[in-house]
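Asks: So that we are looking at the same thing, I have put the structure below in structure tokens.
The values are calculated or read from the model by the stated rules, or taken from the named source; none is laboratory data. Note that this is a predicted model, so its numbers are computed, not measured. Cβ placement follows ideal geometry from the backbone for every residue including glycine, while neighbour counts extend to all protein chains displayed. When the accessible area is computed, the model is the full protein with side chains, heavy atoms only, and any ligands, DNA or RNA have been set aside. Shrake-Rupley method; radii C 1.70, N 1.55, O 1.52, S 1.80 Å.
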Amino acid sequence: MSIRKKRMGYLAVTVLLFVVELLIALFVHDNFIRPYVGDVLVVVLLYTFVRFFIPQGVRLLPLYIFLFAAGVEVLQYFRIAEVLGLSDHRVLSVVIGSVFDVKDIVCYGVGCALLGIYEGIRMRR
């Protein structure tokens, strides 16, 4: 498969996942999909976004994505949105997040573990 086709595939999945995440954020108000599935999908979204720019892959990309997501979650503990004065900006506040929850980090770990499995299968082909 050509690099261009890979990039377009990753772009399509990124856009699709973004729309799904947006729909979850706006319309799903339950106790499972929004808090857990949404957090698993967000790391997959980040992964496909990075892979659009680096289609050949990065060996430890799922780990790097996990560290980034967990880092953002830790910043939420320190109320980074408030510190940066973004509390009044709804979109930015949602993107950064405002509530620390260790369960979110677990969900990021699950998503990144699934990505690691995907990468392992992809590398064997």
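Asks: If you scan the stretch 58-69, which residues turn out to be farther than 20 Å from residue 105 by Cα and surrounded by 13 or more Cβ atoms within 10 Å (Cβ to Cβ)?
Replies: Matches in the stretch 58-69: 58 only.
Asks: Among (1) in a helix (DSSP H, G or I); (2) in contact with a Ser or Thr (Cβ under 7 Å, 6 or more places away or on another chain); (3) not small (Gly, Ala, Ser), which single condition is residue 86 missing?
Replies: (1)
Asks: Cβ contacts < 8 Å: first residue surrounded by 13 or more Cβ atoms within 10 Å (Cβ to Cβ), restricted to the stretch 88-105; second residue among the basic types (Lys, Arg) and in a loop (DSSP other than H, G, I, E, B), any location; separation 6+ or different chain. Result?
Replies: That search, which allows pairs on different chains as well, returns 98/79.
Asks: Given the residues 63, 67, 45, 92, which is the only one that is of a type outside the set (D, E, K, R), modelled with pLDDT of 95 or more, closer than 21 Å to residue 18 by Cβ and part of a helix (DSSP H, G or I)?
Replies: 45
Asks: Take the stretch 12-40 and flag every residue that is modelled with pLDDT of 95 or more, under 14 Å from the mean Cα position of the chain (by Cα) and open to solvent by 40 Å² or more (accessible area, probe 1.4 Å).
Replies: Across the stretch 12-40, the qualifying residues are 13, 15, 16, 18, 19, 20, 36, 37.
Asks: So how many residues does the stretch 101-125 have that are assigned to a loop (DSSP other than H, G, I, E, B) and under 22 Å from residue 23 (Cα atoms)? First the steps, then the outcome.
Replies: From the stretch 101-125, those assigned to a loop (DSSP other than H, G, I, E, B) are 101, 125; that's our starting set.
From the residues that got through so far, the ones that are under 22 Å from residue 23 (Cα atoms) too are 101.
Qualifying residue count for the region: 1.
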